[in-house]
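One structure is given here, and the rest of the page talks about it.
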Amino acid sequence: MDSIAEIISATLGLASELLLRTVPIVVIGVLIAEILIALRITDRIASVAYPVTTFSHLPRECGASFLLAFISPQAADAMLVDYYHKGMIGERELIVAALINSFPSVVMHWRYLIPVYVPLLGVFGMIYFAILMGIGFLKTGIVMMAGRMLLPGVPASGAPEKPSGQALSLKEAIRASLRPTARTLRRILGIMIPTLVIVAFLIEAGVFDAVAAYLEGASRLFPIPPEGLAIIAAKFGSYIAAASLASGLLAAGDMSGRDIVITLLVANLLTSLTTYLRWLGSFYAAIFGPKQGTEIMLLSVVLQDGLLLIAIFLLAWLW
């Protein structure tokens, strides 16, 4: 009985933490989308992303969301949901744009990978980072090509037309955006709050820890030496711990640079599955809804980890 009470108490604490971390970002994303619509400057802001959106047959509005994803992927996805509910983009456009929005978060890996992996592993840390970036570029290219093939072509984009009527000031645009923002947030939060509570319960109940333990055991199926299993186990706890352990094994000559790189990629593959289930999946479901969120998450996992799996076995074969 006490254990059930402890799980419920921990669930409420973790759910509160997840909501405090997520809700403000989503609110900001929806509000930005509404302000851009009110100011009628979406085209000008999204002009930088025209090559991405036009090639992928995505509407111009998706360009602003793509740029915002470099700052906050959750806010960018909330912007897409707002556009979807307004009928500005369809379901296919939503899915393609959401998958493309995952690219900036891959690029921003440098913020924590380079300061840790390069000093500890030198050139092999750079190789590991370059492979992850290459997979991110390839994944995005595949999604863009799929969008070009599956989505209807959008009209050729020239210079944005000058909007008719008197332009709103920023203060007026904010005031005009408050009501539609509240309307969109009611829909999103009505799904987000129960979803995050369920995810928090599954985390505290140990469901995802069991999955992580199973995946850690599955590492024996990959072309890595026995010493690499310790790196994978460490990666489930912390990427810094994994890098530190890999550095020690490399310096001691217990593992070659080739084996270190392949082992780190395997660790990234296995830990990414639990990361998607535990955290990213909850955000996808919370923002896009259970059906669309699950679909987007599965497509992202299959593309990202499928390419990573191919890279692992190609490196083991060719290197």
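The values are calculated or read from the model by the stated rules, or taken from the named source; none is laboratory data. Keep in mind the model is a prediction, meaning the values are calculated, not measured. Neighbour counts run over all protein chains shown; Cβ positions are idealised from the backbone, glycine included.
Between residues in the stretch 293-310 that are part of a helix (DSSP H, G or I) and residues that are charged (D, E, K, R) and crowded, with 17+ Cβ neighbours inside 10 Å, which pairs lie under 8 Å by C-beta distance while being six or more apart or on different chains?
Cβ pairs passing all conditions: Leu303/Lys139; Gln304/Lys139; Leu307/Lys139.
Considering only residues of the stretch 116-164 that are buried (at least 20 other Cβ atoms within 10 Å of the Cβ), of a type outside the set (A, V, I, L, M, F, W, C) and more than 26 Å from Arg60 (Cα to Cα), which is modelled with the lowest pLDDT?
The selected residue is Tyr117.
Does any residue in the stretch 77-89 that is closer than 21 Å to Pro104 by Cα and not assigned by TED's automatic domain parsing to the domain that holds Leu99 come within less than 8 Å, Cβ to Cβ, of a residue that is in a helix (DSSP H, G or I) and among the hydroxyl-bearing types (Ser, Thr, Tyr) six or more places away or on a different chain, and which pairs are these?
Between residues of the stretch 77-89 that are closer than 21 Å to Pro104 by Cα and not assigned by TED's automatic domain parsing to the domain that holds Leu99 and residues that are in a helix (DSSP H, G or I) and among the hydroxyl-bearing types (Ser, Thr, Tyr), there is no close pair.
State yes or no: is Asp254 over 21 Å from Thr22 (Cβ atoms) and in a loop (DSSP other than H, G, I, E, B)? Let's see the steps before the verdict.
Numbers: over 21 Å from Thr22 (Cβ atoms): yes; in a loop (DSSP other than H, G, I, E, B): yes.
Answer is yes for this residue.
Going by what's in this entry, would Ile89 be described as in a helix (DSSP H, G or I), closer than 30 Å to Val197 by Cβ and at pLDDT 75 or above?
In short, no.
Kindly list the number of the only condition in (1) surrounded by 22 or more Cβ atoms within 10 Å (Cβ to Cβ); (2) more than 15 Å from Tyr239 (Cβ to Cβ) that fails for Asn268.
(2)
Quick check: is even one residue across the stretch 41-57 modelled with pLDDT of 80 or more, on the phi < 0 side of the Ramachandran plot, of a type in the set (D, E, K, R) and surrounded by 17 or more Cβ atoms within 10 Å (Cβ to Cβ)?
Going through the stretch 41-57, the residues modelled with pLDDT of 80 or more turn out to be 51-57.
Cutting the leftovers down to on the phi < 0 side of the Ramachandran plot gives us 51-56.
From what's left, of a type in the set (D, E, K, R): none.
So far as the stretch 41-57 goes, no, none of its residues is modelled with pLDDT of 80 or more, on the phi < 0 side of the Ramachandran plot, of a type in the set (D, E, K, R) and surrounded by 17 or more Cβ atoms within 10 Å (Cβ to Cβ).
May I ask you to list the residues in the stretch 74-109 that are under 15 Å from the mean Cα position of the chain (by Cα) and more than 18 Å from Thr184 (Cβ to Cβ)?
Within the stretch 74-109, Ile95, Val96, Leu99, Ile100, Ser102, Phe103, Pro104, Ser105, Val106, Val107, Met108, His109 qualify.
Identify, from the list Leu273, Leu314, Leu318, the residue that is closer than 20 Å to Phe124 by Cβ and at pLDDT below 90.
Every option except Leu318 fails the conditions.
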